[in-house]
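Peer 1: Okay, here's the structure, questions in a sec.
All of the numbers you see were taken from the coordinates with simple rules; none came from a lab. Just so you know, these numbers come straight off a predicted model, no measurement behind them. Note that each Cβ is placed from the backbone with ideal geometry, even for glycine, and that neighbours are counted across all protein chains shown.
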Amino acid sequence: MPKKPYESDTTTFIKSLFVKKPELRKQQLDARSLWWDREQDLKEQAELDKSKIKKKPYEYY
């Protein structure tokens, strides 16, 4: 008989929560897209890249 892999209490809770409330998955994806899935502004990104200070390599003595 194969052993069941370990699953933490948190993982078990979240899986059961998504089974009970399937609408949470859509809310989760909407919230993620609000913060992470944004269009990149190439002009702003270029300005940020220009403003970075170049680091000198560490010198060993």
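Peer 1: Regarding segment 23-42, can at least one residue be identified that is over 17 Å from the mean Cα position of the chain (by Cα), in a loop (DSSP other than H, G, I, E, B), surrounded by fewer than 10 Cβ atoms within 10 Å (Cβ to Cβ) and charged (D, E, K, R)?
Peer 2: The answer is no, given that none of the residues of segment 23-42 is over 17 Å from the mean Cα position of the chain (by Cα), in a loop (DSSP other than H, G, I, E, B), surrounded by fewer than 10 Cβ atoms within 10 Å (Cβ to Cβ) and charged (D, E, K, R).
Peer 1: Let me ask something else. Which of the residues belonging to segment 1-22 are exposed (fewer than 10 other Cβ atoms within 10 Å of the Cβ) and not in a helix (DSSP H, G or I)?
Peer 2: Residues satisfying the conditions are MET1, PRO2, LYS3, LYS4, PRO5, TYR6, GLU7, SER8, PRO22.
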